[in-house]
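Right, one structure below, let's go through it.
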Amino acid sequence: MTLLERLVVEEEDAGSRLDLYLARELPFISRSRLQRLINEKQVLVNNCGTRPSYRTRAGDEIRVNLPPAEVPQIEPEPIPLDVVYEDRDLLVVNKPRGMVVHPGAGHHRGTLVNALLYHCGDLSGINGVLRPGIVHRLDKDTSGLLMVAKNDAAHLALAAQLKARQVRREYLALVHGRVKDEAGTVAAPVGRHPRDRQKMAVTPRGRPAVTHYTVAERFPDYTLLRLRLDTGRTHQIRVHLAHIGYPVVGDPKYGRGRPRLGLDGQFLHAGVLGFTHPASGEFLSFEAPLPPELEAVLAKLRLKGGGANPAKDVT
C-alpha cells in the first residue's frame, strides 16, 4: 500500500462532496477510480472511512492510499506509435487524429493504451486498469503530443506539474469567422452542461478555466489560432472558442453544424508540450507538426483566398 496524498480541507472547499473534492485535487485520477477507493476504505477522513457523498469540513485531514495496481485486462496490440521521446521514466507520443486514448464504452481495442502496452509493458498503475500511464488526454479527433508515465513516481510528479500549471501546452485550432483581436484571453468556468450530460459548457458552477489565444493566420471566413492553456478542463478549448462565437472547424459537438471543410472531426492539434523531467529536473520541450490532413485544409484555404498574417511556424 502506498500513501498517495495527504490533504487538509481549506475553508473554501468545505461542503463539497468528498469524491468531487478529490477529483479537483487529484485530477490525474478518474472520479470513478476515486469513488472505488473511497468505498474500499482506501480514503480516510480524520482516520475514518466514509462515503463518496460525505460533505467535507474545513480542517478535515484526508489520506488517500493507493493499492497495488491490478493486472491490466487490456490486450496489448502492435499498433504503430509516433514516439517523440522515451526514457526509463516516461514517453512523449504524437497521437494521430481518430485514435482514442484509453479503452471505454465502444472502444475496447485500437486505443493508445493498447498500443502503449505492446510498446512497453511498464506503465504506471495510478489509474488502475483503465488508463495505465496516462497523465493527461486528448480527444479522439485531436492530434498531437501526450506525456505518458512509466512508473508511479513519474506519474505523480508530472500530474503535480499539471495541477500547478507548470506544463507548457500549446495548440493550433482553425475556427469559423474572423477573430477581431490579434490576441486575447478567455477566462470562464467550464463544467458539465446543465441539460446535456454528454457536453461541457461555460457555467457558473463550473471549475475555473483559462485559455489564451493569438492569431496565427487569417482567411476570409476562418482564423487559425495559436492557443495556450493555463488549465486543462474537459473540452476546454472547444467550449471556450464556441462560447466567444468562434467554434472550431469540424467540431461535431460544439460546432453548430457548420461546414467542416472535408474533415471528419475538429481541426485541433496539440503542437507544443513542455515540462520538467521528474528525475533529472531538466525542462524538456517538444513540437509536432500539423498532420497532413490538417495541412491540406490550410493549403486549400490559401489557394482560395490567401491567408493574411501568415505564420511562418505554426507548431
- [ ] Could you please tell me which pairs satisfy a Cβ distance under 7 Å, a separation of 6+ or placement on different chains, a first residue in the stretch 277-298 that is surrounded by 16 or more Cβ atoms within 10 Å (Cβ to Cβ), and a second residue that is of a type in the set (Asp, Glu)?
- [x] 278/89
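Per-residue answers, yes or no, for (1) in a loop (DSSP other than H, G, I, E, B); (2) in contact with a helix residue (DSSP H, G or I) (Cβ under 6 Å, 6 or more places away or on another chain); (3) on the phi > 0 side of the Ramachandran plot:
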position	(1), (2), (3)
5	no, no, no
23	no, yes, no
27	yes, no, no
34	no, yes, no
37	no, no, no
41	yes, no, yes
TODO: Test residue 256 against the criterion of being outside the structural domain of residue 101 (by TED's automatic domain parsing), surrounded by fewer than 16 Cβ atoms within 10 Å (Cβ to Cβ) and not in a loop (DSSP other than H, G, I, E, B), and give yes or no.
DONE: no
Open item on the list: Return the residues of the stretch 23-51 that are modelled with pLDDT of 90 or more and touching a strand residue (DSSP E or B) at 6+ places or on another chain (Cβ under 7 Å); say none if nothing qualifies.
Closed with: 37, 42, 43, 44, 45, 46
Open item on the list: If I ask for residues that are at pLDDT 95 or above, out of contact with any Pro (no Cβ under 8 Å at 6 or more places or on another chain) and aliphatic (A, V, I, L, M), which ones from the stretch 168-201 would you list?
Closed with: 172, 173, 174, 179, 183, 186, 188
Open item on the list: If a residue counts only when it is among the hydroxyl-bearing types (Ser, Thr, Tyr), which strands (runs of 3 or more DSSP E) contained entirely in the stretch 137-247 have at least 1 such residues?
Closed with: 143-149, 168-176, 183-187, 210-218, 222-229
- [ ] Take the stretch 24-52 and flag every residue that is exposed (fewer than 15 other Cβ atoms within 10 Å of the Cβ) and either among the aromatic types (Phe, Trp, Tyr) or closer than 15 Å to residue 5 by Cα (or both).
- [x] 24, 41, 46, 47
Open item on the list: Please determine whether any residue of the stretch 11-23 is surrounded by fewer than 15 Cβ atoms within 10 Å (Cβ to Cβ), out of contact with any Phe, Trp or Tyr (no Cβ under 8 Å at 6 or more places or on another chain) and either among the aromatic types (Phe, Trp, Tyr) or under 22 Å from residue 155 (Cβ atoms) (or both).
Closed with: no
Task: Of all residues in the stretch 99-117 being among the small types (Gly, Ala, Ser) and over 11 Å from residue 81 (Cα atoms), the one that is modelled with the highest pLDDT - done: 110
TODO: Name the one entry in 169, 178, 165 that is out of contact with any strand residue (DSSP E or B) (no Cβ under 8 Å at 6 or more places or on another chain) and either in contact (Cβ under 8 Å) with a residue 24 or more places away in the chain or buried (at least 16 other Cβ atoms within 10 Å of the Cβ) (or both).
DONE: 165
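The values are calculated or read from the model by the stated rules, or taken from the named source; none is laboratory data. All figures in this text were calculated on a predicted structure; none of them were measured in a lab. Note that we place each Cβ from the backbone using ideal geometry, even for glycine, and neighbour counts take in every protein chain shown.
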